1. Determine whether E106 is assigned to a loop (DSSP other than H, G, I, E, B) and at pLDDT below 75.
2. Would region 49-71 turn up any residue that is out of contact with any helix residue (DSSP H, G or I) (no Cβ under 8 Å at 6 or more places or on another chain), modelled with pLDDT under 95 and part of a strand (DSSP E or B)?
3. Which residues, counting only those in region 148-173, are more than 19 Å from R59 (Cα to Cα), touching a His at 6+ places or on another chain (Cβ under 7 Å) and among the charged types (D, E, K, R)?
4. Out of the residues in region 22-46 that are aliphatic (A, V, I, L, M) and in contact (Cβ under 8 Å) with a residue 12 or more places away in the chain, state the one that is surrounded by the most Cβ atoms within 10 Å (Cβ to Cβ).
Amino acid sequence: MADEPAPDAAAEATDDPADAPNPDHDTMLATLRDRLGADAVVETATAYGDLIVRVAPDRWLDAATVAANDLACDYLSFIAGLDWEPAAREGDEAGGDTSSPVQPTERTYGAAGSNGRFQVFAHVQSTRQPRGLTLKTDVDEHAPAVASWVGVYPGADWHERECWEMFGIGFDGHPSLRHLYLPSEFEGHPLRKDFPLLARVVKPWPGLVDVEGMPGDAEATPVADAGDTPAVEAGDAEATS
């Protein structure tokens, strides 16, 4: 009996069930287009087996209603904001060297695209059927606001408050937009890419570590790397035993 040819390893590696056509995605899309109108569905995509639908901003609330009532997606997983602006880099304002191997210099949009800097997206899931849906919509950069989903998904309350606080995106019709984490007098929105965060300054590796000296020390000494830990002297060992 002749040996059968070995399967193509490369073909097996790319044969991901999550990328296979999903008839349920076609059903959900058809329902969304039928209830919202064809123009309301701006762009669609699939990622990791999930259907992602970008809808027109003025149909954002209607999309939630269709998802809950017609698609049986009765559970809201989250609502969050997106800022596609490249993060500010060290030297941008001072006119210095802004080259970076990490930070992009142009906006690059994710699945289903975008029409500008800000978006809101949400994921809903069905507790009765094996189905989920991610909805996205564009947000005006100069007047960032969309309709609130609280009337459809009561759990949207805190999600929208967090998004308003961190991205500065308003939710029209929300019963009470107020801070969750920050004091009321706090200025700015920490998850916007132009908010100054020291953590976004890219440092060469290994970075220098500043160590505050103990009282009486003439100067601070840098922390040694793990592989450079000096051996313990015999007298020190006895003193610490």
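1. The answer is no for E106.
2. yes
3. Selection gives E165 alone.
4. L32
The values are calculated or read from the model by the stated rules, or taken from the named source; none is laboratory data. These numbers were taken from a predicted model, which means no experiment stands behind them. Every residue, glycine among them, receives a Cβ derived from its backbone with ideal geometry; neighbour counts consider all protein chains shown.
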